[in-house]
Structure formats: structure tokens, C-alpha cells
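Beneath this line is the structure, given in C-alpha cells, with notes to follow.
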Amino acid sequence: MRTTLLLGVLLAGCGVSDAQLNDVDDGDLAAAQGELGSSARSYVVLRRDMRRCVAPMCGGYWAHDVNRANLNEQYVSALDFSRSDLQMPEDQADVLSAGNFEVVLYGKLGPVEPRFHTRTFIVSSAFRGMPGVQFTEPADVFYRVESAQLQCFAAPCPTLRASKLHSTTKILHHDLDVARASLPLVDQNWLTGRVIENGALVAGRFVDNHHRVTEQYPLNPNGTPLGMTALTTTTGRVTIMMPHPERVFRSACMSWAPKAWSEDSPWMQLFYNAREWVG
């Protein structure tokens with residue numbers, strides 16, 4: 001189950017012009033007028049069909065594309081996961097148990113069933129926000145957030161790019177406000193991290209002298225969101241990071257170090273851990 005789609009998230013831009021913030025062409029209007037179909041895949045939201053009649057003519061879902069000017073709904077009798085990566089029962093259960101407008105599906109309509117003339121929805125991917133958080137159209141707009149592959153010499157830095165679904169609109173921004181996508185008592189920093197990390201695991205963050213995560217220069221040299229400086233895979237076999245621990249594995253190599261430190265700097269523990277894992 002993927003959780004990288006934002007529901008009602010506010011984007012904060014910084015230090016870029018309108019031309020840089022919005023990359024819009026004539027295709028944006030054309031895309032906004034599109035409708036759910038069987039030839040091309042699109043992003044849709046669902047609400048359950050509460051009518052009472054013989055299945056599969058009733059009891060399925062009403063689906064419509066997100067970010068469209070036309071909100072016409074299309075009835076689908078069931079969700080077909082056969083062409084998705086959601087093959088585990090628990091993954092499919094996450095989708096099927098979602099309430100109205102709590103899950104976004106990427107896929108297309110299936111062929112017409114000859115007996116009842118209904119269609120299924122063929123799921124390619126599924127995105128779910130926090131359970132219990134619903135959205136309302138047209139107030140909420142859906143974006144895909146990814147790294148902008150930018151490097152800055154000062155913070156804040158527009159390191160994130162938000163692409164509006166079913167559109168050519170792209171927005172550069174440096175931060176996310178997930179308040180509308182969150183629930184009471186939920187750590188919003190954690191939720192923001194889930195969006196930005198896109199399924200990756202954060203292995204290291206920049207912190208200040210109080211051990212609090214920071215985005216401020218020079219404590220965070222590149223202004224990365226949530227102080228992220230190292231990422232690892234879910235298996236732990238590959239880790240990437242911005243600092244160079246091999247340059248400061250000795251305390252003497254540090255620009256400053258407490259007198260109580262031994263010959264090894266704290267970075268040396270990284271290499272000790274790797275050696276222990278190798279055996």
C-alpha cells in the first residue's frame with residue numbers, strides 16, 4: 001500500500017518566480033476536462049454504492065477522476081487487483097476497508113461484462129491517506145510530490161516538486177503543511193516524512209545542539225526537509241548519505257570535539273556496525 005499521495009496538503013514555495021513555480025500549458029485545460037475511461041489510466045476516488053438490487057448491478061462503487069472540472073461518476077461493480085502489485089490479502093484489505101473518499105486508485109475501466117453490462121475497475125496502484133480523513137472536491141486538489149533534484153546555498157530551498165494529477169501544472173516548494181491530511185494526536189512531522197520519503201527509511205538527520213531535527217543553515221548545510229541526510233532501503237542493504245563520515249572517523253579530524261571523546265569520533269560507529277554485519 002502506497003501512502004505518497006497527499007489529501008488537502010498545502011505547499012510552501014520560496015525564492016522562485018511565478019514562471020518557475022507554475023509550468024502550465026494548453027494540455028492542463030484539456031486534461032481537466034477528461035473523464036474516466038477504459039483506454040487510458042487515471043486517478044480516481046471511490047464511494048460505496050448503497051443501492052439494493054441484484055449484484056453486480058448494485059453494491060459496487062461510484063468512481064470519478066480527481067482534479068477534473070467534470071465530476072460525473074461511473075459505476076464499477078468491483079475492484080480488479082490482478083494487474084497491480086497489491087497481491088497480498090492485507091494490501092487489498094487496506095483498500096477495500098477504506099471509507100468513502102479515503103483512497104485514491106490509479107487504473108482504468110475493465111471490459112463490459114456481457115450478461116449485466118457492468119464494468120470492473122482495473123487497479124494499477126493504490127494510495128491511502130490516514131484512515132478517517134476524507135476530502136471534498138473541488139476544495140482539495142491532489143498532487144504527486146517528489147524530489148526536485150535541486151541544490152541550494154541558502155535555506156529555505158525549494159527541494160520538492162509537486163505535480164498536479166491529470167495536469168501539467170508543477171509547483172516547486174520547500175515544505176509541506178499536512179494539517180488537513182492529519183488527525184488529532186498524530187505527529188505531523190512523522191506524516192510529512194512519510195510523504196517526502198516515498199517509502200524510504202531515514203537513516204540519519206541533521207540536528208542542532210539540543211539534538212532536535214533542524215533545517216536551518218549551517219547546522220543543516222543544504223536545508224533538506226526534516227533534516228534528512230541519509231536514506232536506506234527497507235532491507236538495509238543500501239544506504240546513501242550526504243555527509244562524508246570517512247573524512248571524520250577520528251576525533252582529531254573534527255573541527256571541534258569534546259575533550260572526553262576517544263580517538264574514534266562517533267562516525268566511526270558506522271564502520272564498526274558494517275564490519276559486525278559482514279562478520
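Hey, among GLN216, GLN269, which residue is touching a residue at least 40 places away in the same chain (Cβ under 8 Å) and at negative phi?
Numbers: GLN269 fails: touching a residue at least 40 places away in the same chain (Cβ under 8 Å).
Step by step, each of GLN216, GLN269 is checked, and only GLN216 is touching a residue at least 40 places away in the same chain (Cβ under 8 Å) and at negative phi.
Might you let me know whether the range 103-126 holds any residue that is under 16 Å from the mean Cα position of the chain (by Cα), in a loop (DSSP other than H, G, I, E, B) and closer than 18 Å to VAL44 by Cβ?
No, the range 103-126 contains no residue that is under 16 Å from the mean Cα position of the chain (by Cα), in a loop (DSSP other than H, G, I, E, B) and closer than 18 Å to VAL44 by Cβ.
Kindly provide the set of residues from the range 254-279 that are part of a loop (DSSP other than H, G, I, E, B) and within 20 Å of VAL207 (Cβ to Cβ), ordered by number. Show your work before the answer.
So the first thing to find is which residues in the range 254-279 are part of a loop (DSSP other than H, G, I, E, B), and the list is 254-263, 265-267, 279.
Across the range 254-279, the qualifying residues are MET254, SER255, TRP256, ALA257, PRO258, ALA260, TRP261, SER265, PRO266, TRP267.
Which of the residues that make up the range 59-93 are of a type outside the set (Val, Ile, Thr) and under 21 Å from ARG115 (Cα atoms)?
Going through the range 59-93, the residues of a type outside the set (Val, Ile, Thr) turn out to be 59-65, 67-75, 77-93.
Those that are of a type outside the set (Val, Ile, Thr) and under 21 Å from ARG115 (Cα atoms): GLY59, GLY60, TYR61, TRP62, GLN74, TYR75, SER77, ALA78, LEU79, ASP80.
I'd like the full set of residues that are assigned to a loop (DSSP other than H, G, I, E, B) and under 15 Å from MET241 (Cβ atoms), limited to the range 201-223. Reasoning before the result, please.
First, pick out the residues of the range 201-223 that are assigned to a loop (DSSP other than H, G, I, E, B): 206, 208-212, 214-223.
Those that are assigned to a loop (DSSP other than H, G, I, E, B) and under 15 Å from MET241 (Cβ atoms): PHE206, ASN220, PRO221, ASN222.
Filter the range 77-103 for residues that are touching a Pro at 6+ places or on another chain (Cβ under 9 Å) and either at pLDDT 90 or above or loosely packed, with under 13 Cβ neighbours inside 10 Å (or both); which is nearest to TYR143 (Cα to Cα)?
SER97
Pull up the range 225-253, narrow it to residues that are assigned to a loop (DSSP other than H, G, I, E, B), of a type outside the set (Gly, Ala, Ser) and more than 27 Å from CYS157 (Cα to Cα), then point me to the one that is modelled with the lowest pLDDT. Don't jump to the end; show me each part of the working.
Applying the first criterion (assigned to a loop (DSSP other than H, G, I, E, B)) to the range 225-253 yields 233-238, 242-244, 248-249.
Then keep just the ones that are of a type outside the set (Gly, Ala, Ser); that gives 233-235, 237-238, 242-244, 248-249.
Next cut, more than 27 Å from CYS157 (Cα to Cα) only: 234-235, 237, 249.
On the way: THR234: 61, THR235: 64, ARG237: 73, PHE249: 93.
Step by step, filter the range 225-253, then rank; the result is THR234.
Can you tell me how many residues within the range 109-127 are of a type outside the set (Phe, Trp, Tyr) and crowded, with 19+ Cβ neighbours inside 10 Å? Break it down into steps so the answer makes sense when it comes.
As a first pass, look at the range 109-127 and keep what is of a type outside the set (Phe, Trp, Tyr): 109-115, 117-120, 122-126.
Going one step further and asking which of them are crowded, with 19+ Cβ neighbours inside 10 Å, we end up with 109-110, 119-120, 122-123, 126.
Looking only at that region, the number is 7.
Sort out which residues of the range 219-232 are touching a residue at least 40 places away in the same chain (Cβ under 8 Å) and at negative phi, and write them in order of number. Spell out how you get there, then give the answer.
Keep residues of the range 219-232 that are touching a residue at least 40 places away in the same chain (Cβ under 8 Å), which gives 220, 222-225.
Across the range 219-232, the qualifying residues are ASN220, ASN222, THR224, PRO225.
Anything in the range 55-81 that is assigned to a loop (DSSP other than H, G, I, E, B) and either of a type in the set (Lys, Arg) or touching a residue at least 40 places away in the same chain (Cβ under 8 Å) (or both)? List them, or say none. Give the steps one after another, and end with the answer.
Of all residues in the range 55-81, those assigned to a loop (DSSP other than H, G, I, E, B) come to 55-60, 66-73, 77-78, 81.
Hits for the range 55-81 are PRO56, MET57, GLY60, VAL66, ASN67, ARG68, LEU71, SER77, ALA78, PHE81.
Can you tell me which of SER167, SER163, SER84 is closer than 16 Å to TYR43 by Cβ and not in a loop (DSSP other than H, G, I, E, B)?
Values: SER167 fails: not in a loop (DSSP other than H, G, I, E, B); SER84 fails: not in a loop (DSSP other than H, G, I, E, B).
Criteria check complete, one pass: SER163.
If you check PRO138, PRO156, which single one turns out to be outside any helix (DSSP H, G or I), in contact with a His (Cβ under 7 Å, 6 or more places away or on another chain) and modelled with pLDDT under 75?
Values: PRO138 fails: in contact with a His (Cβ under 7 Å, 6 or more places away or on another chain).
Of the residues listed, the single one that is outside any helix (DSSP H, G or I), in contact with a His (Cβ under 7 Å, 6 or more places away or on another chain) and modelled with pLDDT under 75 is PRO156.
Could we say that THR168 is surrounded by 15 or more Cβ atoms within 10 Å (Cβ to Cβ), more than 30 Å from ALA78 (Cβ to Cβ), at pLDDT 75 or above and not aromatic (Phe, Trp, Tyr) here?
Numbers: surrounded by 15 or more Cβ atoms within 10 Å (Cβ to Cβ): yes; more than 30 Å from ALA78 (Cβ to Cβ): yes; at pLDDT 75 or above: yes; not aromatic (Phe, Trp, Tyr): yes.
Taking the combined requirement at face value, the residue satisfies it.
The values are calculated or read from the model by the stated rules, or taken from the named source; none is laboratory data. Everything numeric here is computed off the predicted structure, so don't read it as measured data. Reconstructed Cβ throughout: ideal geometry from the backbone, glycine too, with neighbour counts over all protein chains shown.
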